[in-house]
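Right, one structure below, let's go through it.
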Amino acid sequence: MELEKSWINRWSETIRYYYEKAYQTKSWRIGLFVFGFLFQLIVYFSHLNHQKKSGGKNIRQQMEQQFIESGRAENLKNQLKQQEEQKIKFLNQKHSSSHIQRQVDKLYEKESNKEIKKMVDACYEDSKTGAQSYLQTTLKWLSTSGGILLSFILAWPMYLFLLVVSLPTLNYLINRLLMMFFVIIGVTFIVFTLLYFSPSDPATNILGNQATPQQVENFRQLHGLNESYFVQLGKTIKGIFTFDLGNAYAGNERVVTTILRRFPVTLKLTLYALGLSVAVALPAGIYAAVKANTTFDQLFMLIALLGISIPSFWQGLIFILTFSINLGWLPATYSSAKAISLLMPAVVLGTGLMASVARMTRSSTLEVINEDYILTARAKGLSKSRVILRHAVPNALIPIITVIGLQFGGMLGGSSVTEKVFTINGIGSYIVDKQFIPDIPSVMGGVIYIAIILSIVNVFVDLLYSFLDPRIRSRVKNGK
């Protein structure tokens, strides 16, 4: 029995600890009220009843009166007026006495509220007064078995919220997912508005100029184009959460089905390009940083600059002309039955990323290897390779991962040029084909897909930051 009691007490203490901690942050306090509304309502009436019995509702008035009668209010006013006059004199400004008095009154209201709040809190802390703050009333309810049971029944979402705020990593992840939600809604709103008010008419573009007015009207009725802006926008946003973005105007195929069918080949192409780029760029960039200002470094920088400057479509055509038509080594177009047919597209798509990552790796590593702690590691007699690989490279990874994350998200959503050159039915070529109609459901599906992919990649990169950098990991643990 005693063991059970101590277990309940420890549980109650834990709940009260995290509740009090969450209550100190304004946004989290709102979450506690929202997710535990019914329980908070009972606590509120209990708090009012306690205040009525103890006369606690007059505490603030008593403290205000005490603040004035003790002379602290007058001293504060004089001090603020003196500070304001000194500031004006220092800045060599000229203001009327009424303007100065208004500024002093504003500052006095702000500072006096802080002082009175401190006095009220001190009064709540003093058990002799019998007064209780709202937080103390809530904690008192949570200190009893009946109160905890009632809160579990009426406010179980509040405990899920407490779980989120009590685990810093989970809280960090939830915040990023919430940001992703607002980004997707914002992008949907902007793109839909631009497409809706664009002068191009999808019905005329798809049916052609030979279509009769009745055929155009039937098309508009079929796809709901005669509905108001807000109705169509609402349906589009609703479709995001129900995974139903409607049917394409051209072909009448479900947009979600089409995107899911084309996604694997785009993902495969992107992963090939990413793997090839990182495998070449990371060691080359590190070696160039170690051998800075040598012939290799200068040649490497020149090749990287060329890699960034070469347009993808031109590089793709040159590759097809050389390796497919002249040499006959590789197929000119993509075929799902031949894995080797993805080699040329992966090289073309990965060239830009390879150059960017290599340059960033070189500059980031070069910056780190001149730090004092690297000199200390060398002074301790560590080998050169151990100093570079164990102490320099891990600390240079943050900007490199940023570049890789941004480029990776961009390739997943925007490798349209490469897909067009090599006849790959991926996401990029799909979006480009549909935007000229404009096929609004298909374009919206593509844009929402890109927004989701970029947001997920950014969340993943943010989590990687916290694993790689102890300073970021510490801030996450502290809830910052």
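What to note about this one:
- Estimated 222 nm signal from helices in the chain, with DSSP H stretches of n ≥ 4 weighted -39500 (n - 2.57), rounded to 500: -25000 deg cm²/dmol
- Sites counted here are chymotrypsin sites (Phe, Trp or Tyr not before Pro) in a DSSP loop (not H, G, I, E or B) having no more than 14 other Cβ atoms within 10 Å; the longest part of the chain that contains none of them is 1-196.
- Sites LYS110 and GLU69, calculated FRET efficiency, Cβ-Cβ separation with R0 22 Å, nearest 0.05: 0.55
- Among the listed pairs LYS52/LYS117; LYS268/LYS291; LYS87/LYS110; LYS52/LYS140; LYS238/LYS420; LYS26/LYS89, those beyond 26 Å (Cα-Cα): LYS268/LYS291; LYS238/LYS420; LYS26/LYS89
- Förster radius 22 Å - calculated FRET efficiency between GLU367 and THR294, Cβ distance, rounded to 0.05: 0.80
- Note on TRP7/LYS52: beta-carbon distance plugged into 1/(1 + (r/R0)^6) with R0 of 35 Å gives a FRET efficiency of 0.45.
- Accessible area of segment 299-343 belonging to carbon and sulfur atoms, whole % at 1.4 Å probe: 75
- The length gained by stretching the chain between LEU222 and THR193 to full extension, at 0.36 nm per residue less their Cα-Cα distance, is 8.4 nm.
- Counting protein heavy atoms only, segment 348-444 has 58 percent of its accessible area on carbon and sulfur, 1.4 angstrom probe.
- Taking a ≥ b ≥ c as the square roots of the eigenvalues of the Cα gyration tensor, the chain is prolate, since a/c reaches 1.5 or more and a/b is larger than b/c.
- Working from label points 7 Å from Cα in the Cα-to-Cβ sense, the GLN93 to GLN79 distance is 2.2 nm.
- Here's the picture: charge each Lys and Arg Cβ at +1 and each Asp and Glu Cβ at -1 in the chain, and of VAL459, MET444, THR361 the one pushed furthest to the positive end of that dipole is THR361.
- Ligands, DNA and RNA are left out, and with a 1.4 angstrom probe the accessible area of the chain is 59 Å² per residue.
The values are calculated or read from the model by the stated rules, or taken from the named source; none is laboratory data. All figures in this text were calculated on a predicted structure; none of them were measured in a lab. Neighbour counts are summed over all protein chains in view; Cβ atoms, including those assigned to glycine, are modelled from backbone coordinates with ideal geometry. The accessibility values were calculated without ligands, DNA or RNA, using every heavy atom of the protein model including side chains. Shrake-Rupley method; radii C 1.70, N 1.55, O 1.52, S 1.80 Å.
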